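Since the structure comes first, as structure tokens, the remarks are kept for the end.
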Amino acid sequence: MSSLDGASRVRRAVHWVRGALTGLVALVMFAMMMLTTVDVVGRAFSKPIKGGFEIVTFMLAILVFCSLPLITWDEKHIRVNLFDQWIPAPILRGLNVFWVMLMTIMMAIIAYRMWIQANLMAAGQHITGALEWPIAPTVYFLSVMCCLTTIILAFLSWQRLFRRQAPAADARDVDAENAGVD
């Protein structure tokens, strides 16, 4: 087996995971929209969906945490770059590396703490109020999504740390591309 086969397998796996997450995000968003619509119409006729708020709460958490790896991979986080124009490029590159590494560490801590919380919820058999659904499986899933985001951030950290040219995500490059300025 050559390294090209391994790289090809990794690309296919990444493509599959991205597609699965994108599909799940779309499905959950559509389901939230339909559930909310049916619930609102049902309320007009005094027939709301039992536990509708709880279901939407679960779906919202799944939506947000499934979107996190996708947004991270595409580096589409909100970024405030008020002072970037006055910071020299080598320092800005160093700051970019530092922030991605810090985000990696913080996301790993969040994933770990969420896993611990899910363990506590499972041990305590925590359930929702109206539907009496167990909460722990959802929290485990959210923790796994945080782990996936941590892996992506670690890859981006590695990439930025060892890339020789300035990162394409530098604010100056993006601003110049968006404005059509050379």
Do we have any residue at all in the stretch 122-137 that's of a type in the set (Ser, Thr, Tyr) and under 29 Å from residue 15 (Cα atoms)?
-> no
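Check whether at least one residue in the stretch 117-133 is among the β-branched types (Val, Ile, Thr) and at pLDDT below 95, and report yes or no.
Yes, the stretch 117-133 has at least one match.
Among the residues of the stretch 17-45, how many are farther than 19 Å from residue 142 by Cα and assigned to a helix (DSSP H, G or I)? Write out each step before concluding.
To start, the set of residues in the stretch 17-45 that are farther than 19 Å from residue 142 by Cα comprises 30, 33-45.
Filter once more, so that each one left must be assigned to a helix (DSSP H, G or I): 30, 33-44.
Count: 13.
Return yes when residue 172 is modelled with pLDDT of 90 or more, surrounded by 12 or more Cβ atoms within 10 Å (Cβ to Cβ) and of a type in the set (Lys, Arg) and no when it is not.
Numbers: modelled with pLDDT of 90 or more: no; surrounded by 12 or more Cβ atoms within 10 Å (Cβ to Cβ): yes; of a type in the set (Lys, Arg): yes.
In short, no.
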The residue that is nearest to residue 53 (Cα to Cα), considering only those in the stretch 95-133 that are assigned to a helix (DSSP H, G or I) and touching a strand residue (DSSP E or B) at 6+ places or on another chain (Cβ under 9 Å), is 121
Scanning the stretch 77-94 residue by residue, those part of a helix (DSSP H, G or I) and either among the aromatic types (Phe, Trp, Tyr) or on the phi > 0 side of the Ramachandran plot (or both) turn out to be 86
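Regarding residue 20, is this residue of a type in the set (A, V, I, L, M) and either surrounded by fewer than 11 Cβ atoms within 10 Å (Cβ to Cβ) or modelled with pLDDT of 95 or more (or both)? It would help to see each step written out before you state the result.
Working: of a type in the set (A, V, I, L, M): yes; either surrounded by fewer than 11 Cβ atoms within 10 Å (Cβ to Cβ) or modelled with pLDDT of 95 or more (or both): no.
Spelling it out, it is not the case that residue 20 is of a type in the set (A, V, I, L, M) and either surrounded by fewer than 11 Cβ atoms within 10 Å (Cβ to Cβ) or modelled with pLDDT of 95 or more (or both).
The values are calculated or read from the model by the stated rules, or taken from the named source; none is laboratory data. All values reported here derive from a predicted model rather than from experimental measurement. A quick note on method: Cβ atoms are made from the backbone with ideal geometry, for glycine too, and the neighbour counts reach across all protein chains shown.
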